[in-house]
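I have placed the structure first, in the form of structure tokens, so that the comments after it can refer back to it.
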Amino acid sequence: MNYTILMIIIISLIIIALISIYLYFENNAIQITNIDVKSPTVPDSFNDFTIVHISDLHNKDFGKGQNNIIDKIRETNPDIIVVTGDIIDSYDTHVDITAEFINGISKIAPVYYVPGNHESRLLDDYFLLKTQMQTAGVHVL
């Protein structure tokens, strides 16, 4: 085999491996970004007010009982939690995984939820999910 062809194959395999590792990390890591908002229009009563914003989980499984993500949220000690859409995946729906997550976070702080485009595609599953959320005390907007 030609040395140049062998090097192209090796470099291609390394690139594929690195892309695979990156994609795995991006789809499985829990990222926390802290943003301090300072504005003269925000009342002083909101000093140290913490909002956790969750979006686009697509029924991702974060370990037994969803504890990996729930523990991270609990550590931030939020005043409220907002979930803004696509908590389920309309192509591979697992309402049970999402319900575990919702039940866990609703014990931490008040939860406000806005459905996304994936929820709008699932009438029956979304109705079940919405009912479970309301039972857990989530404010469905």
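The values are calculated or read from the model by the stated rules, or taken from the named source; none is laboratory data. Because the structure is a prediction, the values reported are computed rather than measured. A quick note on method: Cβ atoms are made from the backbone with ideal geometry, for glycine too, and the neighbour counts reach across all protein chains shown.
Six or more apart or on different chains, Cβ under 7 Å: which pairs go from a residue in the range 80-99 that's in the same structural domain as residue 129 (by TED's automatic domain parsing) to one that's among the aromatic types (Phe, Trp, Tyr)? Could you list them?
Close Cβ pairs (under 7 Å, with a partner that is among the aromatic types (Phe, Trp, Tyr)) amount to 80/112; 82/112; 83/113.
Which residue is nearest to the chain's Cα centre (by Cα), if the candidates are limited to the range 39-78 and must be exposed (fewer than 12 other Cβ atoms within 10 Å of the Cβ) and under 15 Å from residue 28 (Cα atoms)?
For the range 39-78, the residue satisfying everything is 63.
Please state which of the following conditions residue 15 fails to meet, knowing it meets all the rest: (1) hydrophobic (A, V, I, L, M, F, W, C); (2) surrounded by 15 or more Cβ atoms within 10 Å (Cβ to Cβ); (3) more than 26 Å from residue 136 (Cβ to Cβ).
It is condition (2) that residue 15 fails.
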